[in-house]
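Participant: Once you've had a glance at the structure underneath, I'll fire off some questions.
The values are calculated or read from the model by the stated rules, or taken from the named source; none is laboratory data. None of the values given here were measured: they were computed from a predicted structure. As a convention, Cβ positions derive from the backbone with ideal geometry for all residues, glycine included, and neighbour counts pool all protein chains shown. Surface areas here come from the heavy atoms of the whole protein model, side chains and all, with no ligands, DNA or RNA. Shrake-Rupley method; radii C 1.70, N 1.55, O 1.52, S 1.80 Å.
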Amino acid sequence: QVQLVESGGGLVQAGESLSLSCAASGSIFRFRTMGWYRQVPGSQRELVATITSGGGTAYADSVKGRFTISRDNAKTTVYLQMNSLKPEDTAVYYCNLGGGRLLTWGKGTLVTVSS
């Protein structure tokens, strides 16, 4: 069973940056599109960025130009560089496949952006 472990969250001020990591176990990682999601309590989980196995990327409008997703297939790790953070980016961030039948969710990592 593939396990997803997110890390790198924290408390920052608006305008600052954070870098998230997601380590995935299992060989499935190298061949699948991966995604970063986020969820605010009481709201649905939102897909914010995806990256294909070949490195193609896509972003939600709310993060376009500020967030960058990347991956290291050798390390089976996907990253999310978040710049110019805003208070509305505050959420628990998760990684998973970029679509289709998703894997079991990890615990996520909390990002809190103060104004």
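Participant: How big is the stretch 49-115 along each principal axis, measuring the range of its Cα positions in Å and listing the largest first?
Facilitator: Largest to smallest, the principal-axis extents are 36, 25, 23 Å.
Participant: So what's Rg/Rh here for the chain, counting alpha carbon atoms and using the Kirkwood radius for Rh?
Facilitator: In the chain, Rg relative to Rh is 0.94.
Participant: Using the heavy atoms of the protein chains alone and a 1.4 angstrom probe, what is the accessible area of the chain per residue in square angstrom?
Facilitator: Counting only protein heavy atoms, the per-residue value for the chain is 52 Å².
Participant: Where nothing but the Cβ of Lys and Arg (+1) and of Asp and Glu (-1) is charged, how large is the charge dipole of the chain around its Cα centre, in debye to the nearest 20?
Facilitator: 340 debye
Participant: Moving on to the next point. Would you work out what percent of the accessible area of the chain, with all protein chains in place, is carbon or sulfur (probe 1.4 Å)?
Facilitator: Using a 1.4 Å probe with all protein chains present, the chain comes out at 50 percent carbon and sulfur.
Participant: Averaging sequence separations of C-alpha pairs under 8 Å and six or more residues apart, then dividing by the length of the stretch 32-92, give the relative contact order as a whole percent.
Facilitator: Relative contact order of the stretch 32-92: 28 percent.
Participant: Okay, moving on. Taking 0.36 nm per residue of sequence separation and subtracting the Cα-Cα distance, how much length would be gained by fully extending the chain between Leu110 and Gln13, in nm to one decimal?
Facilitator: Gain on stretching Leu110 to Gln13: 33.5 nm.
Participant: Hey, rough spin-label estimate for Glu46 and Arg30, points 7 angstrom out along Cα→Cβ, what's it come to in nanometres?
Facilitator: With each label point 7 Å from Cα toward Cβ, the separation is 3.5 nm.
Participant: In addition: At what distance in angstrom do the alpha carbon centres of the stretch 1-47 and the stretch 93-115 lie from each other?
Facilitator: The stretch 1-47 and the stretch 93-115 have Cα centres spaced 4 Å from each other.
Participant: Each label point is 7 Å from the Cα along the Cα-to-Cβ direction; what then is the distance between the points at Asp72 and Gln3, in nm?
Facilitator: The modelled label-to-label distance comes out at 1.9 nm.
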